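One structure is given below, encoded as structure tokens.
What follows draws every value from the coordinates through simple rules; no lab data is involved. Because the structure is a prediction, the values reported are computed rather than measured. Neighbour counts run over all protein chains shown; Cβ positions are idealised from the backbone, glycine included.
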Amino acid sequence: MSLSRKKILIASLGTRGDVQPYVALARALTAQGAEVTLVTGEGFDDMIEAAGARSRPVPINYQTLLQSPEVQAALFTFKGKIRAARQNIDLQKEISRQLWQTGLEERPDLILFNLKACVMTLVGRRLNVPALPTALQPVTAPTGDFPIPLFGLPDLGRGLNRWSYRAGRFLMEAGLRPVLKPVRLEAKTEYAVPGSLLDGHEPGGDPPMSLQAFSRALVPIPADWPAETWQCGYWLTEPDADYRPPQELATFLEAGPAPVFLGFGSMPSRDPEKLTATVLEALRTTGRRAILSTGWGGLSSRDLPENLAGRVLLVEKAPHSWLFPRCSAIVHHGGAGTTHEALRWGIPSLICPVFGDQPFWGQQVWKIGAGPKPIRQQALTPDNLRHALQELETPACKAGAERASAVMSAEPSALGTAARLIDLLAAEPAS
């Protein structure tokens, strides 16, 4: 069987880490004959089209948004979060309206969406097609094993852990109400259907399958998860066989032992110069070779001091799937994608989280022995980073990362998810 001529609409809003795994899934789906359209923010057209899918961007650029003073303040203070939410409410309303219109125009046979695009549940109800929620973090299915990994909560015990998901759901649904106002009048009938927009839609009324796209190496399947919850593994991008690195990067990698990679992706820093100075001082005292990725502003691109010349290379970007296998360790912010990419290759990691689910991934990497205890980015010092870099070199960390890699290699990931969706669509009655 195949997905020949089946139309699949994927909606995922966020930074590159929120988009790239869905592009990997789109590639697997198109390989099975599906016609895939991916709705997301601006700036990802080339990546989406290279996967064989069609891009339908909505009017938001998350890189630009993250670099604005209001949103950077939101990352570090509660008042900043409130202010940013108020200032961006009209933009979010327009995005919801466009997602609704795009879904109706595309008339897909299947919809997949992340939690920032829950309006797609209404589209599924209108068209009477499956609209399946997806998650790159374990935030939708309640469990007593751990609290919802969005607020940096400690283990609260099984009862309170489960309650934290109810609290998280309440906050998410409260956040949805104002941004969906432009759709409410047009979708009165769909709003009247019982059930949360977070849960998607399944024709016939059965609970929709929920795709949990993260690895069992980091989150063993909880025994108390609902039956419709399916943990399919992270949707990883395959290395580009045609990629050729800049000559400076290729020369650096060939000139000595595998370096440590340090980069914080799309996460801005309150003080990039100070963060860079901290990193460079730790590298000076350890003598490690290193690649520093400046990313979207986590590290500054200042000139390197003479005492690190030849040992440290600054790069703006390079594909992680190509670079990480050539590194000895990874120091990063703890986004789901970077966390999984490092472990995929059996590379130990130190996570320096900023907010959201990042502290959770840092704790999970530490618990499975694939890296040191996480250090919050704002708490980094030359001394604690130096000690963590030394711990990353230990056989125990390497063995923990290799165990995780072995688990990940056996998971369904993108191709297995595509196969499961073939079965799901084959079982769906014609609408």
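Once you list every other residue whose beta carbon is under 12 Å from the beta carbon of residue 216, what net charge do they have if Lys and Arg are +1 and Asp and Glu are -1? Could you put the intermediate results ahead of the total?
Numbers: positive: 403; negative: 411.
Net of charged neighbours comes to 0.
Please work out the Cα convex hull volume for segment 318-409 and give it in Å³ per residue. Could you put the intermediate results ahead of the total?
On the way: hull volume 8.1 nm³, N = 92.
Measuring per residue, one finds 89 Å³ for the Cα hull of segment 318-409.
For a protection proxy built on the mean count of beta-carbon atoms within 10 angstrom, sort 88-98, 189-199 highest first, please. Don't skip to the answer; put the middle values down first.
Values: 88-98: 17.1, 189-199: 14.7.
Order by mean packing, descending: 88-98, 189-199.
Let me know the Kirkwood hydrodynamic radius for the chain, please, with Cα pairs as the basis and the value in Å to one decimal.
Working: mean 1/r = 0.0445 Å⁻¹.
Over the chain, the inverse of the mean reciprocal pair distance is 22.5 Å.
Hey, which of these cross-link pairs are over 22 Å Cα-Cα: 373/398; 6/188; 317/367? Kindly include the intermediate steps, with their values, before the conclusion.
On the way: 373/398 14 Å; 6/188 28 Å; 317/367 29 Å.
Violating the 22 Å limit, Cα to Cα: 6/188; 317/367.
Which order do peptides 171-177, 375-381 fall in by mean Cβ count within 10 Å, highest first?
Values: 171-177: 13.9, 375-381: 15.9.
Per-residue Cβ counts within 10 Å, averaged per peptide and sorted highest first, yield 375-381, 171-177.
What number do you get for segment 171-268 when its Cα radius of gyration is normalised by 2.2 N^0.38 Å, N = residues? Can you show the working numbers first?
Numbers: Rg = 22.4 Å, N = 98, 2.2 N^0.38 = 12.6 Å.
Dividing the Cα radius of gyration by 2.2 N^0.38 Å gives 1.78.
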